[in-house]
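Engineer: Input: one structure, supplied below.
The values are calculated or read from the model by the stated rules, or taken from the named source; none is laboratory data. Note that the structure is predicted; figures quoted are calculated from it, not measured. Ideal geometry is used to build each Cβ from the backbone, glycine not excepted, and the neighbour counts take in all protein chains shown. For accessibility, only protein heavy atoms count, side chains too; no ligands or nucleic acids. Shrake-Rupley method; radii C 1.70, N 1.55, O 1.52, S 1.80 Å.
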Amino acid sequence: EQVTDNPLLDIRYHDVRPAGDKGDKAIDNLRSRSDSLEARLMAQLRVQSLPRPQLMAAGLVICLAVPDVLMGWFTSREETIAAGASALGIIAWGFVPSALSITASGALEGLGKGNPSFAITLLRYVVISLPAAWLLCRVYGPDGVWHAFWIFECLAALAAWKIYDHYAPAVTKEKETT
């Protein structure tokens, strides 16, 4: 079964189930309960996405607490460590919002909606980040580029939430009727 009309986005994953297991795919196995498919998918998404923001928040705390130590792993030049530590302290604020957009993108991919998933990625890395970095660099100098990271991650997280909110219910309603 073809997931999308775009062959570049029609990605197949190897089936890791045992050879004798010819049952429904995991997403279809959710139908055996009395809840709606949408409710079950949202419950799974909540459970699976719980560790991501927590891990990213831990990364934020570490990057804010010891950025110079982290930068020291890659260089011994004091001026590079100082500049990198400053940048890392700014960039790290985008970690938690990035977990949200990555989770939404992965959930859409899992629901067979590669195009909206790709749209989130495109927003994160091209549509929002490049113009934000260019503009903020012009206004604030080099530190503006670092501020662009957390700004575009926040904007991308909001966009991902709206995109997911639009496509996920439609997918679950499609699956329930088929």
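For every residue, the table says whether it meets (1) over 27 Å from Leu70 (Cβ atoms); (2) of a type outside the set (A, V, I, L, M).
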{"position": "Ser117", "(1), (2)": "yes, yes"}
{"position": "Leu130", "(1), (2)": "no, no"}
{"position": "Val139", "(1), (2)": "yes, no"}
{"position": "Gly144", "(1), (2)": "no, yes"}
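Engineer: I've got another one for you. Could you list all residues from the stretch 52-67 that are open to solvent by 30 Å² or more (accessible area, probe 1.4 Å), part of a helix (DSSP H, G or I) and not charged (D, E, K, R)? Talk me through it step by step, then tell me what you get.
Structural biologist: Of the residues in the stretch 52-67, the ones open to solvent by 30 Å² or more (accessible area, probe 1.4 Å) are 52-58, 61-62, 64-66.
With part of a helix (DSSP H, G or I) added as a condition, the list becomes 52-58, 61-62, 64-65.
Once the filter is applied, which keeps residues that are open to solvent by 30 Å² or more (accessible area, probe 1.4 Å), part of a helix (DSSP H, G or I) and not charged (D, E, K, R), the stretch 52-67 yields Pro53, Gln54, Leu55, Met56, Ala57, Ala58, Val61, Ile62, Leu64, Ala65.
Engineer: Does the stretch 116-146 hold any residues that are assigned to a helix (DSSP H, G or I) and more than 19 Å from Leu158 (Cβ to Cβ), and which are they? Show your work before the answer.
Structural biologist: At the first step, the residues of the stretch 116-146 found to be assigned to a helix (DSSP H, G or I) are 116-127, 129-140, 142-146.
Matches in the stretch 116-146: Trp134, Cys137, Arg138, Val139, Tyr140, Pro142, Asp143, Gly144, Val145, Trp146.
Engineer: A further question follows. Can you tell me which residues in the stretch 96-128 are of a type in the set (A, V, I, L, M, F, W, C), farther than 16 Å from His166 by Cβ, free of Cβ contacts under 8 Å to residues at least 40 places away in the same chain and buried (at least 19 other Cβ atoms within 10 Å of the Cβ)?
Structural biologist: The one that is of a type in the set (A, V, I, L, M, F, W, C), farther than 16 Å from His166 by Cβ, free of Cβ contacts under 8 Å to residues at least 40 places away in the same chain and buried (at least 19 other Cβ atoms within 10 Å of the Cβ): Ile128.
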